[in-house]
Structure formats: C-alpha cells, structure tokens
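Q: The structure's right below; bear with me while I get my questions together.
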Ligand SMILES: [Zn+2]
C-alpha cells in the first residue's frame, strides 16, 4: 500500500514536471511557473523545520529525502539557512518528452473539464429519471459550469428539501472535484439497491456543482499545477481572482480576510460577484431553497462553518457546531481519520467573501467548508495519490448523507426565507438557467 502510494505520487510528480517544463515563454501570465525548480533535501528534523519555515511547497518524501518546489527566493532562503539541497529536475526522463503532455492522462484518475463534462452526461444518460445536467453559467474562457441535479421526478421542481454541494473553487485542489462528483455517482448507482439512498433521493433534491473553476483547473493540468484562482486578466497585468473571496456577504470586509492586490493569491476582485463563476453559483442558489450546503476544498482535514470574516460566533453557533460534530463523528470510523471542526476564522484563518459566509449570511442555512485531506503539506499538500480518491470520498460520504437527511428532517423550517427572497429580487435579471437538453 505504501509503495503503491509512492509510485502514484511519483507518477503524478513526473507528469507535473512535464507540465512545468511546458510553461510557454511568451504570452503567458507573469507567474513564477518557469522559474520554479525541483529540489530535494535530506529528511532531518532540522531541515524539515526549515522547509516549513520558508513555506516551500513540499511534494513528497522518497527514500529519505523531501522533494519540494523552489522559487529563486526560496533557494536564497535555503542558502541563508545553510540547508544543503540538490536540483532534481534532470532525474526525470519524462522531461525530455514534452509531447507526452498532450495526452489526456496527464491528470491521471482526476477529472479534467472535458472528462467531468462527459461523465456528468453519462450519469444523466444512465439515470434519466433521477439525474439532470444543467449549465448554470459560463466561465471567463467560456467553459460551461455544470450542475447535476439528483431526485426522483428529476424534471419537476418538487416541494422537497434542496441540498447543495460544490467543488473546486480553487484550481489546484483536484480532490475537491472528485468528492462531490462521486457523491452524485454513488446516489445514482445505489438508488435501486439501497433503501436508505432511495429514501434520501426521493425526499430531497440534491444539486452538485463539482467544478466551479474550470478555467483554473485546466490551467493546473496544462501549465502550472499550483494555480489557485480563476483566469481573470487583472488591470495590472496579473492573473486571477480568488473565487472564494468574491462572494457578496461583507465582501472586502477587511484586508486580512482577503486582498485588494490583484497579484495576491487571495485577491477578492473589483466587486462582489465580479466573476462569472461566482455569479453562476449565486444565481442557482437564489433560484432554489437550499436547506444546507457543503463546499469542498483541500487541504487540512477540517470542517469549517461561519463566520469566516470575524472571530465572533454567529447566532447559530451551537447548531453549526452540533452538525459539524455529527459529521466528524460519522467520518472518523471509516478510515480512522479525525476531521476537526470549528468556526472558520478560529480554526483556519480570517476570510471574507467566502461561499459559506454568503450562503449562511443570505439564507441562514447550515453552511460548511470541508477541507479534505491531507492534514498538512508534509503529507502531500495539494497532491493526493490517485489511490486515495476513493478513500477520501468514502470517509466523506456519511457526512454528506447525514446533511441530506438533516435537510429532509428540517424541511419546513426557514427562518431566513424573507432575507433570501429579498436577495433574490435584487438579482432577478440574472436568473437564467439552461438545461443541456441532451
Ligand atoms: Zn480552497
């Protein structure tokens, strides 16, 4: 198992190296992609602590050495700290064959945009009475943003609890596409044989948007694996808005929870909902009466709930804590991994303009950010071996099913319906949604 993990990691790593080698010289954004080198450092407590301190992106551990990405300033930092390192790029023969990158398998078992499109269509085709794919908007680069609806009588808008699952606001968080997608697949493929799944699907309407940021995802596959934001060309020539800082509840509340600087990794954009990707999510949300929401990110292995913008607890802190605690308790027995939980600002860091602050602030519904494994950078950071996709999905499944069931049990309560309706009115002109009608 361990060796297999390593091999998968190495494979992803080699493919990643090819992607790095291919960063075009002209016409591309001024990110650091082409200046990044791969180094290795002997694994010792002291050196690992320095890597951590310097915030290098560690890729994996292999035969007693830690492999990491290093920008020029990182190399200077290592020199200053007198940490000996080797340049490793030459060890990967795949670099000599950049044409390999055109193969669709560069992202391994993870979905690309085209692959998620095809797989959502397949689910709809295989389960026409239960699954329907909608285009809820288009990205900056004109890719479709898809929503998969799952319910009995799927073509009807029935009086049932609606539940919302989102993935991949951040491009490099590949596992966050897989978990919501696999949730949809699981519900559909087990409907006939599993009475509990059938009950949940019959009594609810589950909406899944597995890929909020398709432009960013494609960029991580073909150019730069560590890209986070969308692909907005900003006024200063930098690229990208952080989609999880672009939502409209207390957007730009302060400069700690998001940044006004376009080059920042947490740049919030020029206005709330300035980006088509967040508008697509907003418009679907305002058309529906969602009772609960989970948005998946990675990494940290924690369950977060509002508020992110302030350390003051919300008025519903005990309810949110109780649900998060339930979810965590259901997840741990699956693979033994503990997902800690807490208010986002306290558990992680201050954020503003996030999805869950907005859905909670707008509709008052239980809203969660689940940061998927691993727990930290030294366990792989944004790289989850392909063999872990199913493992991570399996441990997240009971939490998702619990939240669907909770939504059904609490259907009828909606203390913030008036607030949401008011928000809906403000955006009426945006409410267009097209079925793919395949
Ligand atoms: Zn994220």
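Since every read-out is calculated from the coordinates, none of them should be taken as a lab result. Because the structure is predicted, anything quoted here is derived from the model rather than measured. With ideal geometry, Cβ positions are generated from the backbone for all residues, glycine too; neighbour counts draw on all protein chains shown.
Q: Residues being farther than 12 Å from residue 109 by Cβ, within 13 Å of the ligand (Cβ to nearest atom) and touching a helix residue (DSSP H, G or I) at 6+ places or on another chain (Cβ under 7 Å): count how many of those fall in region 170-187.
A: Here the count works out to 4.
Q: Let me ask something else. With the requirement that a residue be free of Cβ contacts under 8 Å to residues at least 60 places away in the same chain and either within 16 Å of the ligand (Cβ to nearest atom) or closer than 23 Å to residue 204 by Cα (or both), what does region 290-307 give you?
A: Listed by number, the list is empty, since nothing qualifies.
Q: Okay, moving on. Tally time: how many residues in region 351-366 are over 11 Å from residue 250 (Cα atoms) and either away from the ligand (no atom under 15 Å from the Cβ) or in a loop (DSSP other than H, G, I, E, B) (or both)?
A: Selection size over region 351-366: 6.
Q: Could you say whether any residue in region 374-396 is more than 16 Å from the ligand (Cβ to nearest atom), more than 25 Å from residue 246 (Cβ to Cβ), outside any loop (DSSP other than H, G, I, E, B) and more than 21 Å from the chain's Cα centre (by Cα)?
A: Checking region 374-396: not a single residue is more than 16 Å from the ligand (Cβ to nearest atom), more than 25 Å from residue 246 (Cβ to Cβ), outside any loop (DSSP other than H, G, I, E, B) and more than 21 Å from the chain's Cα centre (by Cα).
Q: Right, another one. Please state which of the following conditions residue 258 fails to meet, knowing it meets all the rest: (1) touching a strand residue (DSSP E or B) at 6+ places or on another chain (Cβ under 8 Å); (2) surrounded by 24 or more Cβ atoms within 10 Å (Cβ to Cβ); (3) within 22 Å of residue 175 (Cβ to Cβ).
A: Here residue 258 clears every test but (3).
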